[in-house]
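Worksheet: one structure, shown below.
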Number of protein chains: 2
Amino acid sequence: MSFRFYLFLFLLFFSSTTTALWPIPASWSKGDEVLRVYSTLSFRYSDNIVSSSAELHKIIHSATQRLLQFMKEEKYTPPNKLIPIPERNAKTVERMYVEIESDDVELGPDTDESYELIIPVEDQPITCHLKAKTVYGLLHGLTTFSLLLYSPPSSADLVLPDAPHHITDRPRFHHRGLLLDTSRNFYPETDILRTLDVMSWNKMNVFHWHIVDQHSWPVKSEVFPELSEKGAYDPNDMVYSKREIETIVEYARMRGIRVIPEFDMPGHTYPISLSHPEIMTCLDQQPNWNWYAAEPPSGQLNPILPKTYDFVRQLITELSSWFPDKFWHTGGDEVNTHCWESTDSIREYLSSNPGTSISMVLQTFLNVEYDAVRGSGKTPITWEEILLNQRMGLAEDVVIQVWTSSDRVKQVVDMNYRVIVGPADYWYLDCGHGAWVGDWVNGNSWCDPFKTWQKMYSYNPVQGLSGEEIKYILGGEVLLWSEQADTTNFESLLWPRSSAAAEILWSGATDEHGNPRSVQTALPRLHDMRFRMVGRGIRAEPLQPLWCARTGRCNLPPSMQ
Amino acid sequence: MSFRFYLFLFLLFFSSTTTALWPIPASWSKGDEVLRVYSTLSFRYSDNIVSSSAELHKIIHSATQRLLQFMKEEKYTPPNKLIPIPERNAKTVERMYVEIESDDVELGPDTDESYELIIPVEDQPITCHLKAKTVYGLLHGLTTFSLLLYSPPSSADLVLPDAPHHITDRPRFHHRGLLLDTSRNFYPETDILRTLDVMSWNKMNVFHWHIVDQHSWPVKSEVFPELSEKGAYDPNDMVYSKREIETIVEYARMRGIRVIPEFDMPGHTYPISLSHPEIMTCLDQQPNWNWYAAEPPSGQLNPILPKTYDFVRQLITELSSWFPDKFWHTGGDEVNTHCWESTDSIREYLSSNPGTSISMVLQTFLNVEYDAVRGSGKTPITWEEILLNQRMGLAEDVVIQVWTSSDRVKQVVDMNYRVIVGPADYWYLDCGHGAWVGDWVNGNSWCDPFKTWQKMYSYNPVQGLSGEEIKYILGGEVLLWSEQADTTNFESLLWPRSSAAAEILWSGATDEHGNPRSVQTALPRLHDMRFRMVGRGIRAEPLQPLWCARTGRCNLPPSMQ
């Protein structure tokens, strides 16, 4: 018996699972006919599309071109299925009829992303039918269509098995994000563009760009050019200019992805000190940096100086105009009160203003920061500590992002705030890679162990919540912090594990029977998605030996369950 | 103050550390002159080289061409130093005089790899002097020379700071290896060739090719072509032919690297069953595979059948001729006695031969296997269990490789066997990446946590040994098992962590004062080596944020030490 024979037996047994989709659609009925598809697929559009704006046409054209490109170039054969070769007289898919209800092209937190894809078998040639409420639903439908196509070995044609298909699909959560930290180490524009591509294949729709932090300031502000001239790792080669940021935002929008930038304040701001030391406190305290910050180098904005506020207002006003999204991440994590308590000017301020406190000073800072954000027409997001640890008063519009533990989601919901979940115990992509502090021989990752795809897949963003509470969960994010990541290794850290979370966010953590999704039934589909991503040139890491991917025979033995 | 200014201050302070070398030479004196080097460097050879064999010329030519190529293409500026621009009238290095004592080109476990590199400053133009006992020492000297060269920003010339140099260098251990498992997932030839390049830059000299295992058989035997036709992941595209293996062996030899293949027996042999089921036992037992093997699929050679022995002898005879090295790894790990005890033919054999036992049967198998190895002129290596767990009788020539724990090294030494160390608690590169068994939601890596470079660097292969005992340690290996690695991610798992072990193996675990090497003084040099590898196109992962690499200010605070 060869591997192939095994595979054949295996596939005979599970033959109904030929076509895989990741993330799995809300509703999907299929048949057993094998269609042929040519890369000359043509598109017909509903009248309201034809008569709509150039903007809408641009988004649709960009997406159909990507699909046709895949159909021309992608030669994908999955590891765990025998793709049937269509019969001589097999029907062919030659057209797709595309229809939308609204020609509104605004992309926001409430955009309707649902779609319906019908691939009939009655006619010859076949016209598929793709319907959506908005153009962004259409994009997901086209992605789904691309995932239904396979190349049988030694055949030039594409096949579309399991027809007819009727897919009705919509996301479980509006916010399906990926955070990339571009401050601790820098990523060139191409890395970000490629990441946006992969996100779109996984139906993720928020790029949370943790663009600055305490290690470098790669943003080329035009109002404060000195920030990146002195604070970027390289003021020419390791910066994002306004033009590059606009390119990234537009590239994302063409894929239905919102870009939410994070300008973390008042902590995690050390690089500002390289050009504006006068508005900073407790700069690069050594050797006991841990008294002043979570990581070296320490440094926070000085919250008692009018010029700090001028700076914050001007910066947010300028940069908010580069990012059209309605959300704005204000940071707010790991504010170190000892840093401020040890600063002379702040101590003097507190003693000459009886009744004031560090806490009140922080509240003032946040009020100014959030007002600037709202003044730019945006909704502030903050990390959880501002609410739960610093216990600041926050207006009800503020969105809270929970990271320290999945346990804290309910605390925030109980306070009636909207939540984005991305807990370190499930969805941190950097955990398990050891300590990065230079001389720590026995140091381990603070959030050990490594989060496997299975662990990530087992997280339910609404776990422990009921009824009305669930509505506070906007969605979630996977997070890659870059202390130990850069262009050399980040892609394998992101994929395919982020795909696991992407399915939870799109399809929900429970299946059609209300049971938690099973890693066992997910695995063959995730292998399929991983190999497809690899085929598209992505360094998605292997989940198992190829033998296991092919046979599915590498599960826990009963005695270990 | 900008980062650059910081850097400048930092470098002023530590200016004596401008030139970095990894691994650090045994003896190195240097000065403070900055030389200019042109990529037209010419070589002069001692008379015995000139009159020596074509073989010797080939090795030297190959190495000098690589050096000249780097000098032409590499534009390397380290993250943590300002490279001085040579003065207008700086002296230039124009020639290298190369000398060897012996023109013997055999590469083996006792090859002398020492070299001496002298870069004087007296003459103009300057002739460097490279001397070695053998051509393989020369290769290391040329590698060292390449690591002394830097490109200052915005200068076309190379500079060689800190001249004059006088380096006298030799390896602490003869065996400095890297194991790559090409069975669980496949690696194309180019991945292996590139890995050999990086090994040579790190002065590693043994590629332990764990070429087959229980998941696939990628070796295209000409005597048993059915092995890879049925047992390879792909009989055409995922195999190593004789020609490819010879290419790899030759490529390695040109870089002073021995290739030791491992044909693991009698366990870890499942793919043989796909063409020779008649000589196998307990094949792919499910679902309780763990009763029969360490990993699915189970399967061991049947040790009571004459045809098994015929197969083993023929296979070793054929394949040993493809690998010229004097060592041959026989495997021998994780032999599962329950597998054999549950096999009918073995049970019958034992009951019809009173006085026999599983243990005696294993001993017979090993005798046959080792005799075949010795008959091919090679020395058998085995994993430790054969000696320590199975307690087999082994001749004194057998080399024992210890993997389960660093604690077991001394046990083997106490039994007077030579040892290769590569313990999972220090030098396993795959640890800390979670469990790969499909449906294990809370499973972690069995050898958690991740082994950081600091941890790897803290291992002393002769720890706890004294005097005569130390001589039993041939050296060590870092190991990458490929359940969760393949071409997409392996390079970041290998580098720069393997460099940490490479320095321990080349330079020894203690410094010139007999103290354990310090991760603190190693870190800036390892950053330098890592960025140089990245500059040479290798996906060596970042150890820290670039800010830390530049400033060296990310160490443990005193309160955490």
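The values are calculated or read from the model by the stated rules, or taken from the named source; none is laboratory data. Just so it is clear, the model here is predicted, and its values are computed rather than measured. Cβ coordinates were reconstructed from backbone atoms using ideal geometry, including for glycine residues, and neighbour counts include every protein chain displayed. Areas reflect the complete protein model, heavy atoms only, side chains present, ligands, DNA and RNA absent. Shrake-Rupley method; radii C 1.70, N 1.55, O 1.52, S 1.80 Å.
Brief remarks on what is shown
- Scanning the range A:528-543 for residues that are open to solvent by less than 10 Å² (accessible area, probe 1.4 Å), more than 8 Å from chain B (Cβ to nearest Cβ) and either under 18 Å from B:Arg184 (Cβ atoms) or of a type in the set (S, T, N, Q) (or both) gives a single hit, A:Arg530.
- Condition met for A:Met96 (outside the structural domain of A:Leu526 (by TED's automatic domain parsing), open to solvent by less than 60 Å² (accessible area, probe 1.4 Å) and in contact with a Phe, Trp or Tyr (Cβ under 6 Å, 6 or more places away or on another chain)): yes
- Counting only helices (runs of 4 or more DSSP H) that sit completely within the range A:1-87, those holding 3 or more residues that are at pLDDT below 90 and surrounded by fewer than 15 Cβ atoms within 10 Å (Cβ to Cβ) correspond to A:3-13.
- The sole residue among A:Leu107, A:Leu139 that is touching a Pro at 6+ places or on another chain (Cβ under 9 Å) and farther than 19 Å from A:Pro164 by Cβ is A:Leu107.
- Among the residues making up the range B:242-274, those that are assigned to a loop (DSSP other than H, G, I, E, B) and within 19 Å of B:Thr195 (Cβ to Cβ) are B:Met254, B:Arg255, B:Gly256, B:Ile257.
- The listed residue being within 26 Å of A:Gln69 (Cα to Cα) and either in contact with a helix residue (DSSP H, G or I) (Cβ under 6 Å, 6 or more places away or on another chain) or in contact (Cβ under 8 Å) with a residue 24 or more places away in the chain (or both), out of A:Arg536, A:Arg550: A:Arg536
- Residue selected from the range B:492-526 under the condition β-branched (Val, Ile, Thr) and under 22 Å from B:Ile420 (Cα atoms), by the criterion most open to solvent (accessible area, probe 1.4 Å): B:Thr510
- As a summary of the residue check, B:Pro558 satisfies the conditions (1) farther than 25 Å from B:Arg170 by Cβ; (2) within 9 Å of chain A (Cβ to nearest Cβ); (3) in contact with an Asp or Glu (Cβ under 9 Å, 6 or more places away or on another chain) except for the one numbered (3).
- A:Asn489 being within 14 Å of chain B (Cβ to nearest Cβ), open to solvent by 30 Å² or more (accessible area, probe 1.4 Å) and farther than 23 Å from A:Ser507 by Cβ: no
- Filtering the range A:454-464 to residues that are in contact with a Gly (Cβ under 9 Å, 6 or more places away or on another chain), within 12 Å of chain B (Cβ to nearest Cβ) and either open to solvent by 10 Å² or more (accessible area, probe 1.4 Å) or farther than 21 Å from B:Cys431 by Cα (or both) leaves A:Lys455, A:Tyr459.
- Qualifying residue in the range B:260-273 (condition: out of contact with any Gly (no Cβ under 6 Å at 6 or more places or on another chain), among the hydrophobic types (A, V, I, L, M, F, W, C), touching a residue at least 12 places away in the same chain (Cβ under 8 Å) and within 14 Å of chain A (Cβ to nearest Cβ)): yes
- Test: residue in the range A:422-438 that is acidic (Asp, Glu) and open to solvent by 10 Å² or more (accessible area, probe 1.4 Å): yes
- The residues listed here are A:Glu244, A:Glu250; of these, the one that is open to solvent by 10 Å² or more (accessible area, probe 1.4 Å) and more than 21 Å from A:Asp486 (Cα to Cα) is A:Glu250.
- Any hit, the range B:247-256, residues being among the acidic types (Asp, Glu) and within 25 Å of the chain's Cα centre (by Cα): yes
- Which listed residue, of A:Arg497, A:Arg525, is touching a Phe, Trp or Tyr at 6+ places or on another chain (Cβ under 6 Å), touching a residue at least 12 places away in the same chain (Cβ under 8 Å) and more than 10 Å from every other protein chain (Cβ to nearest Cβ): A:Arg525
- Residue within the range A:281-292 that is touching a strand residue (DSSP E or B) at 6+ places or on another chain (Cβ under 8 Å) and open to solvent by less than 10 Å² (accessible area, probe 1.4 Å) present: yes
- Scanning the range B:207-238 for residues that are within 14 Å of chain A (Cβ to nearest Cβ) and over 16 Å from B:Asp181 (Cβ atoms) yields B:Pro225, B:Glu226, B:Leu227, B:Ser228, B:Glu229, B:Lys230, B:Asp234, B:Pro235, B:Asn236, B:Asp237.
- The set of residues in the range A:544-555 that are farther than 14 Å from B:Ser183 by Cβ and at the interface with chain B (Cβ under 7 Å from one of its Cβ atoms) comprises A:Arg553, A:Cys554, A:Asn555.
- Segments classed as strands (runs of 3 or more DSSP E), wholly inside the range B:338-421, with at least 2 members that are touching a Leu at 6+ places or on another chain (Cβ under 7 Å): B:399-402, B:418-421
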